[in-house]
1. With a Förster radius of 45 Å, plug the Cβ-Cβ distance of residue 169 and residue 142 into 1/(1 + (r/R0)^6) and report the FRET value to the nearest 0.05.
2. Normalised by the number of residues in region 4-51, what is the relative contact order in percent for Cα pairs under 8 Å and 6+ residues apart?
3. Read phi for every residue in region 54-61 and hand back ³J(HN,Hα) as whole Hz from Karplus 6.51 cos²θ - 1.76 cosθ + 1.60, θ = phi - 60°, with x for Gly and Pro.
4. Give me the dipole magnitude in Debye, nearest 20, for region 1-157 about the Cα centre, with unit charges on the beta carbon: positive for Lys and Arg, negative for Asp and Glu.
5. What list of ³J(HN,Hα) couplings, whole Hz, do you get for region 143-153 from phi and the Karplus terms 6.51, -1.76, 1.60, once you set θ to phi - 60° and write x for glycine and proline?
6. Give me the Å³ per residue figure for the convex hull around the C-alpha atoms of region 1-64.
7. Using the alpha carbons of region 77-171, what is the convex hull volume per residue in cubic angstrom, as a whole number?
8. Per-residue accessible area for residue 127 at 1.4 Å probe radius, Å² rounded to 10?
Amino acid sequence: MADHLILEMLVIAAASFVAVAALVRLSFSPIIGYLAAGLLVGPHGFNLLGATEGIRFLGELGVALLMFIVGLEFSLPRMIAARSVVFGLGGLQVVATTALAATVAWLAGAGWVAALVLGAAAAMSSTAIAAKQLSDQGELNSRHGRIALGILLFQDLATLPVLVVVDALQGRPGPTRAHSAMSRRVRPRSRT
């Protein structure tokens, strides 16, 4: 298992190095290179790396490290100072985008749970990509940069509750009609 995980890490690192080097040379963001590398070596690309537990672990580790890095960028006093942007505009953006995208998905034929998940996914964006882009353009401390970061911060705060709700909805199917009918007919025997 450990040898296979090391091999998977080496494939990811090599693909990332090549993709980032090529795309930076073409004046693209390194983040595009990382995304391209993942798409190329993953199960929907050349399938060099399948959807294994090791890849899942690396993905979860990457998300945890990303959230840690994002957490280092924001301080509680800074968030409190920008609370109207974070909770006002950020909350409005997440709720409105989730509702709009969920409605479109539901009208397209998705079930309500799938529509809600798709809506929530559409409402989220990558703080790392947006913050890096704003930083590269020197707009991180501009008015629109601060507003964008406030909205991104709310999205980051909303991620955990969304994941908990999705997990709860996914793992708890309701009883079927047959199950409900059987539970009404079958009575436990009493011991007398």
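The values are calculated or read from the model by the stated rules, or taken from the named source; none is laboratory data. What you see is a predicted model, and the numbers here were worked out from it, not measured in a lab. No Cβ is skipped: glycine too gets one built from the backbone with ideal geometry, and neighbour counts run over all protein chains shown. The accessibility values were calculated without ligands, DNA or RNA, using every heavy atom of the protein model including side chains. Shrake-Rupley method; radii C 1.70, N 1.55, O 1.52, S 1.80 Å.
1. Efficiency for this residue pair is about 0.70.
2. 29
3. Taking θ as phi minus 60°, the curve returns x, 5, 4, 4, 4, x, 5, 5 Hz for region 54-61.
4. 500
5. 4, 5, x, 5, 5, 4, 5, x, 5, 4, 5
6. Measuring per residue, one finds 75 Å³ for the Cα hull of region 1-64.
7. Dividing the Cα hull volume of region 77-171 by its residue count gives 98 Å³.
8. Approximately 10 Å² of residue 127 is accessible to the 1.4 Å probe.
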